[in-house]
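Take a look at the structure set out below.
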Ligand SMILES: *Cc1c(COP(=O)(O)O)cnc(C)c1O
């Protein structure tokens with residue numbers, strides 16, 4: 001299945017680009033005002049909506065995932081609005097850092113890295129004044145998976161919006177925007193969607209669109225009201241990342257052919273295997289409780305030694321993700337996101353076992 005792969009990349013984003021995806025980008029310049037392009041955007045939009053489990057409008061933005069977070073903040077809030085941001089790692093902190101300059105009244109709730117967001121502690125901070133809870137689904141710096149379904153349940157009858165960063169979860173773990181009562185979901189092209197960076201996606205339900213209508217947003221580039229009009233015609237206001245769109249379309253076709261359920265199960269199986277092997281070798285994991293672990297990546301503890309392990313793996317032709325600062329020296333991350341198969345994780349963990357044993361023989 002994976003014969004075209006020469007070296008093994010178990011990355012945490014941008015992820016491995018399958019040959020089919022790379023070939024799809026080998027395409028002449030594509031006018032974003034052509035029917036050919038509209039067909040691409042249409043297919044991409046429908047495919048991403050399916051992965052997010054939504055029938056609501058999906059915006060396609062030309063920016064990275066962080067740009068989508070910023071766009072959401074610009075379009076949904078005004079200075080003084082109260083929001084709650086649970087932080088379970090560096091990506092929760094990213095949301096906080098993006099939101100901070102906008103003058104929002106932010107209730108920040110810090111959890112220890114390696115924990116998931118405790119719903120009771122978060123809900124204690126939610127009042128009638130709270131406009132939104134903004135949180136990550138998978139916390140990519142630690143590998144924690146927040147129970148978004150439970151948060152959706154807790155917030156569904158309130159005015160408070162649930163805004164979820166699904167950059168490292170879409171197409172890796174199940175997410176059901178509509179069924180789980182999530183109001184806004186964002187993701188990006190370069191993780192589970194197996195494509196180069198360049199595109200971000202934002203889906204919003206009516207409760208969120210009502211908020212957009214309330215905010216007098218006269219911003220030029222990230223203007224969701226303008227964007228939405230164009231989306232209905234399968235186009236964007238300005239020039240989109242056309243070739244990333246071609247890549248995403250091909251990746252979505254691959255996911256469709258394999259079957260989304262199978263894709264998600266493959267992620268789960270690979271991550272479980274990495275967790276088991278890592279512990280069997282002698283490592284400790286950042287997320288100890290399997291129920292809280294995401295299937296996109298596994299964060300392995302190697303105090304003071306993380307760079308040794310990643311560079312030794314690299315020498316053997318296996319690329320994995322480093323730790324994300326401040327965990328850079330002490331952890332590394334094995335990505336199981338996107339185009340990763342059993343033989344890849346097996347090769348990686350066999351090599352890791354060898355490296356560990358050589359090192360610890362003294
Ligand atoms: C990768 C990632 C981001 C950042 O996305 P960029 O595209 O690098 O801006 C945001 N949130 C999560 C959870 C991520 O994994």
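Here, each number is a calculation from the coordinates, and none is a lab measurement. These figures come from a predicted structure and were not determined experimentally. So basically every Cβ, Gly included, is an ideal-geometry build from the backbone, and we count neighbours across all protein chains shown.
Need the full-extension length gain, residue 361 to residue 127, defined as separation in residues times 0.36 nm minus the C-alpha distance. One decimal, nm.
Extending this stretch completely gives an extra 78.6 nm.
Rounded, prolate or oblate: which fits the chain when a ≥ b ≥ c are the square roots of the eigenvalues of the alpha-carbon gyration tensor, with rounded for a/c under 1.5 and prolate only if a/b beats b/c? Don't skip to the answer; put the middle values down first.
Values: a/c = 2.07, a/b = 1.27, b/c = 1.64.
Oblate, because a/c is 1.5 or more while a/b does not exceed b/c.
What does DSSP give for segment 136-242 in terms of the percent of beta bridges that are antiparallel, rounded to the nearest 5? Write down the numbers at each step before the final one.
On the way: 7 of 11 bridges.
Bridges in segment 136-242 that DSSP calls antiparallel: roughly 65 percent.
What nm value, rounded to one decimal, do you get for the distance between residue 176 and residue 159 when each label is placed 7 Å out toward the C-beta?
In this crude spin-label approximation the distance works out to 2.9 nm.
Any idea what angle helix 342-360 forms with the longest principal axis of the chain, computed on alpha-carbon atoms, 0 to 90 degrees, nearest 10?
Between the helix axis and the principal axis of the chain, the angle is about 50 degrees.
If you count, for each residue, the other Cβ atoms within 10 Å and average over each peptide, how do 285-291, 195-201, 45-51, 234-240 line up from highest to lowest? Write out the running numbers ahead of the final one.
Numbers: 285-291: 15.0, 195-201: 24.1, 45-51: 19.6, 234-240: 16.6.
The densest-packed peptide leads the list: 195-201, 45-51, 234-240, 285-291.
Just to compare against my own numbers: the Cα pair-distance distribution for segment 311-362, 10 Å bins, whole % per bin, please.
Using 10 Å bins, I get a P(r) of 22, 50, 26, 1 for segment 311-362.
Using Cβ counts within 10 Å as a stand-in for footprinting exposure, how do 272, 333 rank, fewest first? Before the final figure, lay out the partial values.
Values: 272 16, 333 28.
Lowest to highest Cβ neighbour count: 272, 333.
What shape does segment 66-208 have by the C-alpha gyration tensor, where a ≥ b ≥ c are the square roots of the eigenvalues, rounded means a/c under 1.5, and otherwise prolate means a/b greater than b/c and oblate the rest? Could you put the intermediate results ahead of the total?
Details: a/c = 1.32, a/b = 1.24, b/c = 1.06.
In terms of gyration-tensor shape, rounded.
Express the relative contact order of the chain as a whole percentage, based on alpha carbon pairs under 8 Å and six or more residues apart in sequence.
Numbers: 724 pairs, mean separation 87.0, N = 362.
24 percent.
Ranked highest first by the average count of other Cβ atoms within 10 Å around their residues, in what order do 340-353, 158-171 fall?
Numbers: 340-353: 18.5, 158-171: 25.5.
Ranked from most to least packed, the peptides come out as 158-171, 340-353.
Sorted by mean Cβ packing within 10 Å, highest first, what order do the peptides 136-142, 22-28, 182-188 take?
Details: 136-142: 30.4, 22-28: 13.0, 182-188: 28.9.
Per-residue mean Cβ counts within 10 Å order the peptides as 136-142, 182-188, 22-28.
Running a GNM on the chain with Cα contacts under 10 Å, which residue among 216, 241, 251 ends up with the highest mean-square fluctuation?
Largest GNM mean-square fluctuation: 216.
Pulled fully out, how much extra length does the chain show between residue 290 and residue 120, if you take 0.36 nm times their separation in residues and subtract their Cα-Cα distance? Walk me through the numbers before you get to the answer.
Numbers: separation 170, 0.36 × 170 = 61.20 nm, distance 2.07 nm.
Difference between extended and current length: 59.1 nm.
How much length would be gained if the chain were fully extended between residue 280 and residue 206, taking 0.36 nm per residue of separation minus their Cα-Cα distance, in nm to one decimal? Please list the in-between numbers first.
On the way: separation 74, 0.36 × 74 = 26.64 nm, distance 4.80 nm.
Extra length from residue 280 to residue 206 when fully extended: 21.8 nm.
Please report, for the Cα atoms of segment 266-353, the Rg to one decimal and the Dmax as a whole number; what are they, in angstrom?
11.7, 33
Compute the Cα gyration tensor for segment 137-294, then decide on rounded, prolate or oblate, letting a ≥ b ≥ c be the square roots of its eigenvalues: rounded whenever a/c is under 1.5, prolate when a/b is larger than b/c in the other cases, and oblate in all that remain.
Taking the square roots of the gyration eigenvalues as a ≥ b ≥ c, segment 137-294 is oblate.
Compute the angle between helix 90-99 and the longest alpha-carbon principal axis of the chain, please, reported from 0 to 90 degrees and rounded to the nearest 10.
20 degrees
For the modelled label position 7 Å from the Cα of residue 272 along Cα-to-Cβ, which residues of segment 238-266 have backbone nitrogen atoms closer than 17 Å?
Only 261-266 fall inside the zone, counting backbone N under 17 Å.
With a point put 7 Å past each Cα toward its Cβ, work out how far residue 20 is from residue 225 in nm, to one decimal.
The modelled label-to-label distance comes out at 4.2 nm.
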